[in-house]
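Some notes on the structure that comes next.
The values are calculated or read from the model by the stated rules, or taken from the named source; none is laboratory data. No experiment lies behind these values; they were computed from the predicted model shown. Cβ sites come from the backbone with ideal geometry, for glycine too, and all protein chains shown count toward neighbours.
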Amino acid sequence: MDLSLFVDFGSTYTKAAVIDLAKEEIKLVVRSKTTLRSGLMEGLERALEEIYAKLGCRPDFKNKMACSSAAGGLKMVAIGLVKNLTAEAAKRAALGAGARVMKVFAHELSSLEVQEIDSLQPDIVLLAGGTDGGNKEVLLHNARMLSQLAGNPPIIVAGNKAVAPEAAQILLDRGFEAVVVDNVMPELNRINVEAAGRKIREIFINKIIEAKGFQQVESFMDGILMPTPAAVLNAAKLLAEGTGKEAGWGELMAVDPGGATTDVYSVAEGAPTKDGIMWKGMPEPKVKRTVEGDLGMRHSAKAALESLAGRGWCDHVEWEALVRYVDLFNA
């Protein structure tokens, strides 16, 4: 059999799927508890043993690919000049790269906000601010403030190109890992998040390989390719747009309910459906991910249930069973 193995390391479960790509057939899907304390390879080995038992053989997989949101996924803080402009662009860059955006800061950082960033313990800080040729002072001010962080997260500088290298140097001089990428908003209302997204994923891969047990996992797999949310976003884009050999489905939306959050993915132009509608503000990207941070199926199941109450959903779901499920996690 010409089989491929695909693994998703989640915070709760490690899921593994065996797929015959030539026949376009999912052979089986298994899951085991994610083992963060003892090393992720232990949970993967349990999943593999189940796969071998069900297949009746130990296949030499043609492809072995993985994504991960284990250990809380990729936690980020985004910083910009104006909340609805460069700060929003930084947030979109982080979300599109598969990160969990813990908070967005705008304007000049204060000492209290620097303390708050320390308390959030982000894996990466994305520092934006100013269009190319625009404001310079805030980016430099915020670099100086971030240089006071007690923690030492990597910092990606994606602001005004005129002073971005100087901002990065301020951080480098204080021992931080800092790198400059293209401005996430080089012109007013024009978003450019690709370079920042690539750097975020690169840092994520390097970070995740250092996590407990990932060295062994990487030696077995072909590689930890990307955060799980980025993998889902790419899958949605592929389904919508298709390939050179097969047409896609067209515009679509995908919803991924997790234990603590619900991720919503969309691939659509978002053009007005009625005449006389005028575009206003920053344009939305065609491929987009948003996160509902208080709606999930485990840790925040109660909030999800409360959001459904009174909206007519009782007629469309097994409401009593859903209430019992939520009560299990709030007992």
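Just one of the numbered conditions (1) over 19 Å from the mean Cα position of the chain (by Cα); (2) outside any helix (DSSP H, G or I); (3) closer than 20 Å to A97 by Cβ is not true of A240: (2). A residue that is in contact with a Lys or Arg (Cβ under 6 Å, 6 or more places away or on another chain) and either assigned by TED's automatic domain parsing to the domain that holds D60 or surrounded by fewer than 15 Cβ atoms within 10 Å (Cβ to Cβ) (or both) occurs somewhere in the range 210-222.
Of all residues in the range 299-316, none satisfies being at pLDDT 85 or above and more than 29 Å from T14 (Cα to Cα).
When you check E284 against the structure, is it assigned to a loop (DSSP other than H, G, I, E, B), touching a Gly at 6+ places or on another chain (Cβ under 8 Å) and among the acidic types (D, E), yes or no? Yes: the conditions hold for E284. Checked against (1) modelled with pLDDT of 95 or more; (2) surrounded by 16 or more Cβ atoms within 10 Å (Cβ to Cβ), I191 meets all criteria but (1). Within the range 7-20, is there a residue that is surrounded by 13 or more Cβ atoms within 10 Å (Cβ to Cβ), in contact (Cβ under 8 Å) with a residue 60 or more places away in the chain, touching a helix residue (DSSP H, G or I) at 6+ places or on another chain (Cβ under 6 Å) and under 18 Å from A235 (Cα atoms)? Yes, that holds for at least one residue. None of G151, G98, G134 is under 23 Å from the mean Cα position of the chain (by Cα) and buried (at least 19 other Cβ atoms within 10 Å of the Cβ) except G98. Checked against (1) under 23 Å from S119 (Cα atoms); (2) crowded, with 16+ Cβ neighbours inside 10 Å, K83 passes all but a single condition, namely (2).
Taken over the range 105-123, residues that are at pLDDT 95 or above and either surrounded by 17 or more Cβ atoms within 10 Å (Cβ to Cβ) or hydroxyl-bearing (S, T, Y) (or both) amount to 9. Taking the range 25-140 and the strands (runs of 3 or more DSSP E) fully enclosed by it, the elements with 1 or more residues that are of a type in the set (V, I, T) and in contact (Cβ under 8 Å) with a residue 40 or more places away in the chain are at 75-80, 100-106, 124-127.
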